[in-house]
1. Please work out which one of (1) open to solvent by 20 Å² or more (accessible area, probe 1.4 Å); (2) under 18 Å from residue 244 (Cα atoms) is the condition residue 176 fails and give its number.
2. How many of the residues in the stretch 193-235 are in contact with a Ser or Thr (Cβ under 7 Å, 6 or more places away or on another chain) and hydrophobic (A, V, I, L, M, F, W, C)?
3. Would you call residue 219 under 25 Å from the mean Cα position of the chain (by Cα), assigned to a helix (DSSP H, G or I) and modelled with pLDDT of 95 or more?
4. Can you tell me which residue in the stretch 424-438 is farthest from residue 395 (Cα to Cα), limited to those that are outside any loop (DSSP other than H, G, I, E, B), in contact (Cβ under 8 Å) with a residue 60 or more places away in the chain and open to solvent by 10 Å² or more (accessible area, probe 1.4 Å)?
5. Go through (1) crowded, with 18+ Cβ neighbours inside 10 Å; (2) out of contact with any Leu (no Cβ under 7 Å at 6 or more places or on another chain); (3) not in a helix (DSSP H, G or I) one by one and return the number of the condition residue 210 breaks.
6. Show me the helices (runs of 4 or more DSSP H) entirely contained within the stretch 62-179 in which 1 or more residues are β-branched (Val, Ile, Thr).
7. Here are some residues: 151, 105. Which one is within 22 Å of residue 270 (Cβ to Cβ) and surrounded by fewer than 16 Cβ atoms within 10 Å (Cβ to Cβ)?
8. Determine, yes or no, whether residue 143 is under 28 Å from residue 391 (Cβ atoms), open to solvent by less than 60 Å² (accessible area, probe 1.4 Å) and out of contact with any Cys (no Cβ under 6 Å at 6 or more places or on another chain).
Amino acid sequence: MRARVDSMPAPRPDGHVAFRPDQLDTWERRHAWHPFTQSAEAALFPSLHIARGEGPWLFDTEGRRYLDGNSSLWTNVHGHRDPDLDAALREQLDQVAHATWLGLSHPTAGALAARLAELAGPGLERVFFSDNGSCAVEIALKLSRQFWQLSGQPEKREIVGFSGAYHGDTLGAMAAGDSGAFHARFADWFLPAHHVPSPTWVELAGKLITSDSGPSLRALRDLLGARADKIAAVILEPSVQGAAGMVQQPPGFAADVAALCREHGVHFILDEVFVAFGRLGQMLVGRAEGVTPDFLCLGKGLTGGYLPLAATLTSEGIHAAFCGPFEEGRTFFHGHTFTANPLACAVALASIDKLEPLAQSGKLAERMNIFGRIFAHTFKDVPRIAGLRQRGFTAAFTLVPEASQSGLPYPAAARVGLQVCLEARRRGLILRSLGDTMLFVPPPCCEEPEFHFLCETTRAALEAVVSRRGGPPGRFADFAATYDSLPVSL
């Protein structure tokens, strides 16, 4: 341990510590384990160490600039180092950084709970805080399960989700989802769950391309009709299923699902962890569509991308079922160490106060329309892509061999999506693909020049990868072997 401490560089006069890139890479190789990342692949490339941010841009330790094309994993709203959010954090830091929410209170969390209840509207008056979206979903599932137990219906314990759904990586959230390889290894630990088909709907720059929600609603109606006495809750990511590949739903679909849940007496959970807080132009998708679920799950953009915080909202009626003398065992025994952290709550309040006028004024809608127009124009005639789609500040397409008319994918060993992301990084753009599906989630603070850079840089990276050596992309290992020798274009 002493050798490690002695190897740390001394602080500069301004208090900052300057690490050498070779030190950072050494520590990275020896000790880091990144989420959703194959370590054997990551070891083939120099790590990208982010040192600071400014608006929608990130800067590495060498001073190079990159557009944050996935909003720091779909969280960033106002940009990095936003002065209003920074000020809110500093003000709270002058008071207290953390105090437990387990049996105690503090002003910022109380104010945020009231603000979220106001945003969500009548029927969602109670707020249970946690640390991330997966936990917000887990809490909704557990609340539903315990509610039915307390209500004399303990047999209602099954979950219904939709195909392609992703609700997080805790056990209940995994069972509710349908994310294939993400969760398949743990299926024997899952809660009992069913999955019905997601609707078919594809739009681009506001224009409908494909639609069909009938089979999805019929399957859900049939399942609820047969098993409502065993089903606790139906869970839905409204409007856009992010981790499914930005899979879209028709307007009004959430309302149709809510109506079926009410008809059959099961809880309806809206998972807005990804889509809320400006991602699709509104503060909350369910409220905008006139839908009041039994449970509403929030996270990601709740703090503008600054700090981990999530919330599960529910009704006063459901909360009342958990109230009574302690000896009756109605208490909801669930909590997290940093629940309702004051710093996170303070920045969340500042973010909401800043975002709501942008949504109401139409500024977010204007930016979304610009993004959609540029995205459609840039990629509409590009070969080797399929399934072009965009809604709000989300978009996607899938990379396919040009000669493939049947939608057959590239060989898995080619890792074409990752090749394009790494080529884009070389050109000053950070993206993250889902297999060979390219995902675009720009921060809502972006303006027209950033949207042009995002799309044009991606297209250039795509063309560089698929035309390298005059032929289709080869094995990822071959690409990795030559990566360091390729020219940097920033």
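The values are calculated or read from the model by the stated rules, or taken from the named source; none is laboratory data. Quick caveat: nothing in here was measured; it's all calculated off a predicted structure. Cβ coordinates were reconstructed from backbone atoms using ideal geometry, including for glycine residues, and neighbour counts include every protein chain displayed. Quick note on the areas: whole protein, heavy atoms, side chains included, nothing else; ligands and nucleic acids left out. Shrake-Rupley method; radii C 1.70, N 1.55, O 1.52, S 1.80 Å.
1. (1)
2. Residues flagged as in contact with a Ser or Thr (Cβ under 7 Å, 6 or more places away or on another chain) and hydrophobic (A, V, I, L, M, F, W, C) within the stretch 193-235 amount to 5.
3. Numbers: under 25 Å from the mean Cα position of the chain (by Cα): no; assigned to a helix (DSSP H, G or I): yes; modelled with pLDDT of 95 or more: yes.
For residue 219, the condition - under 25 Å from the mean Cα position of the chain (by Cα), assigned to a helix (DSSP H, G or I) and modelled with pLDDT of 95 or more - is not met.
4. Start the filter on the stretch 424-438 by keeping residues that are outside any loop (DSSP other than H, G, I, E, B), which leaves 424-426, 429-430, 432-434, 437-438.
Restricting the remaining residues to those that are in contact (Cβ under 8 Å) with a residue 60 or more places away in the chain gives 424-426, 429-430, 432, 434, 437.
Applying the additional criterion that residues be open to solvent by 10 Å² or more (accessible area, probe 1.4 Å) yields 425-426, 430, 432, 434, 437.
Details: 425: 18, 426: 22, 430: 15, 432: 12, 434: 12, 437: 10 Å.
Across the stretch 424-438, the extreme among qualifying residues is 426.
5. In the conditions (1) crowded, with 18+ Cβ neighbours inside 10 Å; (2) out of contact with any Leu (no Cβ under 7 Å at 6 or more places or on another chain); (3) not in a helix (DSSP H, G or I), residue 210 misses (1) alone.
6. Working: elements: 71-74, 83-93, 107-120, 133-150, 171-176.
Those helices (runs of 4 or more DSSP H) span 107-120, 133-150.
7. Numbers: 105 fails: within 22 Å of residue 270 (Cβ to Cβ).
Unique residue meeting the criteria: 151.
8. Taking the combined requirement at face value, the residue does not satisfy it.
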